[in-house]
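What follows is a set of notes on a single structure, which appears directly below.
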Amino acid sequence: MNNEDRLRKIVNFVTRRTGADILNKSRQTDVTDARALYYKIALRDTRASMNVIGEVVGKSHATVIHTRNNVLPLIEQRLRSCIRDIGVQVLLQ
């Protein structure tokens, strides 16, 4: 299976799991977060270039780089904060 086929499978997986259409040019948080998830999986699980990864969802390689360097750390920080808050709530019950 070539990289583009694998990337399209990742797009389909992320779309099914998140319910967000990552091929849409929307800048809504749910769509951009889902697109960031696609970039993370694609960078980790394929040998595709950032240019190809971005082209599959109508974005440039610069968007993939920006997301990897700036957006993914913020999403991971939000997730850690959410997990910490859940832990505190469980302890207080």
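Numbers for the structure displayed
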item: Whole-percent carbon and sulfur share, accessible surface of the chain, 1.4 Å; result: 52
item: Stretch gain in nm, segment D5-L23, where the contour uses 0.36 nm per residue and the Cα spacing is subtracted; result: 5.0 nm
item: Extension gain (nm, one decimal) between E76 and H61, 0.36 nm per residue minus Cα-Cα; result: 3.3 nm
item: Acute angle (nearest 10 degrees) that the helix 3-18 long axis makes with the longest principal axis of the chain, alpha-carbon atoms; result: 30
item: Most fluctuating residue given options S26, S81, S60, as computed from a GNM of the chain linking Cα atoms under 10 Å; result: S81
item: Cα long-axis angle, helix 72-92 against the chain (0 to 90 degrees, to the nearest 10); result: 20
item: Accessible area in square angstrom per residue, the chain, 1.4 angstrom probe; result: 70
item: C-alpha long axis of helix 29-45 to longest principal axis of the chain, angle in °; result: 70
item: Rough spin-label spacing in nm, given labels placed 7 Å along Cα→Cβ, for V52 and F13; result: 1.6
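The values are calculated or read from the model by the stated rules, or taken from the named source; none is laboratory data. Computed from a predicted model, the values in this text were never measured in an experiment. Note that we place each Cβ from the backbone using ideal geometry, even for glycine, and neighbour counts take in every protein chain shown. Heads up: the accessible areas ignore ligands, DNA and RNA and are worked out on the full protein's heavy atoms, side chains in. Shrake-Rupley method; radii C 1.70, N 1.55, O 1.52, S 1.80 Å.
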